[in-house]
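**Student:** Dumping the structure here so I can ask a few things about it.
The values are calculated or read from the model by the stated rules, or taken from the named source; none is laboratory data. Predicted model, so just to flag it, every value in this text is computed and none were measured. Cβ sites come from the backbone with ideal geometry, for glycine too, and all protein chains shown count toward neighbours. Remember, those area values only see protein heavy atoms, side chains included, never the ligands or the DNA or RNA. Shrake-Rupley method; radii C 1.70, N 1.55, O 1.52, S 1.80 Å.
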Amino acid sequence: MKLIVISDTHGYHRDIGFIPDGDVLIHCGDFSNVGEKYQVIDFIEWMDSQPHKHKIFIAGNHDKSFDVKYHKSPADSLWLNDTLAYVKELGIHYLNDTHITIDGVKFWGSPITPNFGEDYWAFNRSRGDEIRSHWNLISDYTDVVITHGPPAHILDWCVNGKLVGCQDLTYHIQRVKPKFHFFGHIHESYGIMDSSDTMFANASILNERYELVNKPLEFVL
């Protein structure tokens, strides 16, 4: 199975020059700037237009319309429900602390990240018990973990010199030992890192200046 992985396109999905062929196209969140509805729908239609047999995506901290805490009226929740129904109708898999098995390969995905900009961003959780309650849901025997943010000390370096990955996520990755862990969020740490149990990839397409310079990543499972 060939996996094509991208992340952090922030509305520039149609400007990606070349996306390799593969069996599964995966997007690790931040497909929009701040969850603009027109941008979300355009992204979903773009995903549907890709030739890959299977498509998986999660939300990120920028995709605020997918986080119910930002819904100001019942119409917002109705729009999200209708959008997710549309996604399902297209056969695209949206993961939110959930998993999907494709051809015997188990994928688990979550939009959650440690607090990053306080309440302004979506899907932020406090480190410790609050965020740990999400990582507890990563089921055993998962082959591919997809999160928006990185684990601690793995492709999590910010341009300000800080390492911002989640230590609790690291613990659960070590518990599950997936073959792959894909994420984005920290644009300046794009790249691949391998370990004895898991291959890690930060698939951010945009760099820290929001320039579209990075390429989709390819993996074979």
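**Student:** State the percentage of accessible surface on segment 149-221 attributable to carbon and sulfur atoms; use a 1.4 Å probe and exclude ligands, DNA and RNA.
**Tutor:** On the way: 1850 of 3420 Å².
For segment 149-221, the apolar C and S fraction of the accessible surface comes to 54 percent.
**Student:** Among the lysines, select those whose C-alpha is under 18 Å from the C-alpha of LYS64, and discard any that sit fewer than 8 residues away in the same chain.
**Tutor:** LYS37, LYS72
**Student:** Below 15 angstrom from the Cβ of LEU206, what's the summed charge of the other residues (Lys, Arg +1; Asp, Glu -1)? Could the numbers behind the result be given before it?
**Tutor:** Details: positive: ARG14, ARG209, LYS215; negative: ASP8, ASP15, ASP30, ASP63, GLU188, GLU208, GLU211.
Neighbour charge sum, excluding LEU206 itself: -4.
**Student:** Out of the DSSP beta bridges found with both residues in segment 78-156, what percent are antiparallel (nearest 5)?
**Tutor:** Details: 5 of 11 bridges.
In segment 78-156, DSSP labels about 45 percent of beta bridges as antiparallel.
**Student:** Check GLY149: other-chain or 5+ apart residues with amide H under 5 Å from its amide H, H built from backbone geometry?
**Tutor:** GLY184
**Student:** For ASP140 and LYS162, compute 0.36 nm times the residue count separating them, minus their Cα-Cα distance, and round to one decimal in nm. Show your work: numbers first, answer last.
**Tutor:** Numbers: separation 22, 0.36 × 22 = 7.92 nm, distance 3.09 nm.
In short, 4.8 nm is gained.
**Student:** Provide the solvent-accessible area of PHE123, counting protein heavy atoms only and rolling a 1.4 Å probe, rounded to the nearest 10 Å².
**Tutor:** For PHE123, solvent-accessible area is about 10 Å².
**Student:** Restricting to the chain, compute how many DSSP beta bridges are antiparallel as a %, nearest 5.
**Tutor:** Details: 15 of 40 bridges.
Among the beta bridges of the chain, antiparallel pairing accounts for roughly 40 percent.
**Student:** Also, quick follow-up: Tally up the carbon and sulfur contribution to the accessible surface of segment 26-118 as a whole percent, 1.4 Å probe, everything protein left in place.
**Tutor:** Values: 2180 of 4030 Å².
About 54 percent, which is the carbon plus sulfur part of the accessible surface.
**Student:** Shifting gears a bit: Using 0.36 nm times the number of residues separating ILE41 and ASP97, minus their current alpha carbon distance, what extension gain do you get? Numbers along the way, then the final one.
**Tutor:** Details: separation 56, 0.36 × 56 = 20.16 nm, distance 2.18 nm.
Between ILE41 and ASP97, full extension yields 18.0 nm more.
**Student:** What lysines could a cross-link reach from LYS2, if we take a straight Cα to Cα line under 24 Å and drop same-chain neighbours fewer than 8 places away?
**Tutor:** LYS53, LYS55, LYS88, LYS106, LYS177, LYS179, LYS215
**Student:** Which of LEU78, LEU137, LEU206 ends up with the largest GNM mean-square fluctuation for the chain, with Cα atoms connected below 10 Å?
**Tutor:** Checking each option, the largest mean-square fluctuation is seen for LEU78.
**Student:** Using a 1.4 Å probe, what is the accessible area per residue for segment 1-108, in Å²? Could the numbers behind the result be given before it?
**Tutor:** On the way: 4640 Å² over 108 residues.
Accessible area per residue: 43 Å².
**Student:** Test of understanding: in a Gaussian network model of the chain with alpha carbons linked when under 10 Å, which of PHE116, PHE200, PHE182 would top the mean-square fluctuation ranking?
**Tutor:** Ranking PHE116, PHE200, PHE182 by mean-square fluctuation puts PHE116 first.
**Student:** Whole angstrom only: what separates the Cα centroid of segment 182-199 from the Cα centroid of segment 64-98?
**Tutor:** Segment 182-199 and segment 64-98 have Cα centres separated by 27 Å.
**Student:** Under the rule of at least 5 residues apart or a separate chain, name every residue whose amide H is placed under 5 Å from the amide H of ILE102.
**Tutor:** PHE107
**Student:** Still on this structure, I have one more. Amide H of ARG125: which non-local residues (sequence gap of 5 or more, or other chain) have their own amide H closer than 5 Å, using H built in the peptide plane?
**Tutor:** THR113, ASN115
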